[in-house]
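Read the figures in this text as sums done on the coordinates, not as results from a lab. Everything numeric here is computed off the predicted structure, so don't read it as measured data. Neighbour counts are summed over all protein chains in view; Cβ atoms, including those assigned to glycine, are modelled from backbone coordinates with ideal geometry.
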Amino acid sequence: MLMLFDASLDGIEDSGNDINQAMGMANLASADWFEPFDPEESREPGRGFRHS
């Protein structure tokens, strides 16, 4: 039988979870989806974008 839910991974989206920290994952909590990963290394505002 194929199991789609693995209880051992429940909560992996929390940044305090041991597996999350060991894998160096980004915080997957929906409240943090739009936070920059590294605000110190964000895109320079005057850089612009290339258009195809």
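Provide the net charge surrounding Asn20, with neighbours chosen by a C-beta distance below 11 Å and charges set as Lys +1, Arg +1, Asp -1, Glu -1. Display every interim value, and only then the final one.
Details: positive: none; negative: Glu13, Asp14, Asp18.
Charge balance in the 11 Å sphere: -3.
Expected output is a single nm value to one decimal: the length gained when fully extending between Ser15 and Trp33, i.e. 0.36 nm times separation in residues minus the C-alpha distance. What is it? Walk me through the intermediate numbers first.
Details: separation 18, 0.36 × 18 = 6.48 nm, distance 1.26 nm.
Length gained between Ser15 and Trp33: 5.2 nm.
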